[in-house]
Amino acid sequence: MYALWKDKVLYSGHITSVTSDRQAVVAFDDGNSLSVQLDRILVCDLLPVGTSVLAQRSDDQLWLATVLGHYRSSSEKSHLVEFASDKHQCQ
């Protein structure tokens with residue numbers, strides 16, 4: 001599942017508890033925790049096609065990208081993305 005962090009970016013994690021006021025405590029994969037409104041949580045294995053994301057390129061830089069599809073094998077799963085810089089390169 002994915003939830004919005006304070007910077008309004010979706011990060012992966014898991015719900016550790018749900019409170020009575022329509023919020024859940026999310027433990028993010030990086031070790032941080034935060035109380036998040038339930039309507040700001042996506043319960044899915046992989047992000048939907050068309051979702052805008054920050055993705056790490058081969059040069060270790062983070063760039064804006066769009067999810068184009070998904071990759072799955074017996075041992076892993078991942079997103080196939082197109083980087084915004086690939087579509088709008090200067091000539």
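For this structure, a couple of remarks:
- Some residue of the range 77-91 being modelled with pLDDT under 95, in contact with a Phe, Trp or Tyr (Cβ under 7 Å, 6 or more places away or on another chain), of a type in the set (Phe, Trp, Tyr) and more than 21 Å from TRP5 (Cβ to Cβ): yes
- Of the criteria (1) in contact with a Ser or Thr (Cβ under 8 Å, 6 or more places away or on another chain); (2) surrounded by 15 or more Cβ atoms within 10 Å (Cβ to Cβ); (3) not aliphatic (A, V, I, L, M), which one THR19 fails: (2)
- Listing of strands (runs of 3 or more DSSP E) fully contained in the range 1-57 that carry 3 or more residues being under 15 Å from HIS79 (Cα atoms): 10-18, 52-56
- Selection status of LYS77, touching a strand residue (DSSP E or B) at 6+ places or on another chain (Cβ under 8 Å), loosely packed, with under 10 Cβ neighbours inside 10 Å and either free of Cβ contacts under 8 Å to residues at least 24 places away in the same chain or not hydrophobic (A, V, I, L, M, F, W, C) (or both): no
- Residues in the range 58-74 that are of a type in the set (Ser, Thr, Tyr) and in a strand (DSSP E or B) were compared, and the one that is surrounded by the fewest Cβ atoms within 10 Å (Cβ to Cβ) is TYR71.
- Looking only at the range 15-29, and only at residues there that are polar (S, T, N, Q) and in contact with a strand residue (DSSP E or B) (Cβ under 8 Å, 6 or more places away or on another chain), the one that is nearest to ASP39 (Cα to Cα): GLN23
The values are calculated or read from the model by the stated rules, or taken from the named source; none is laboratory data. Owing to the predicted nature of the structure, the values given are computational and were not obtained by experimental measurement. Note that we place each Cβ from the backbone using ideal geometry, even for glycine, and neighbour counts take in every protein chain shown.
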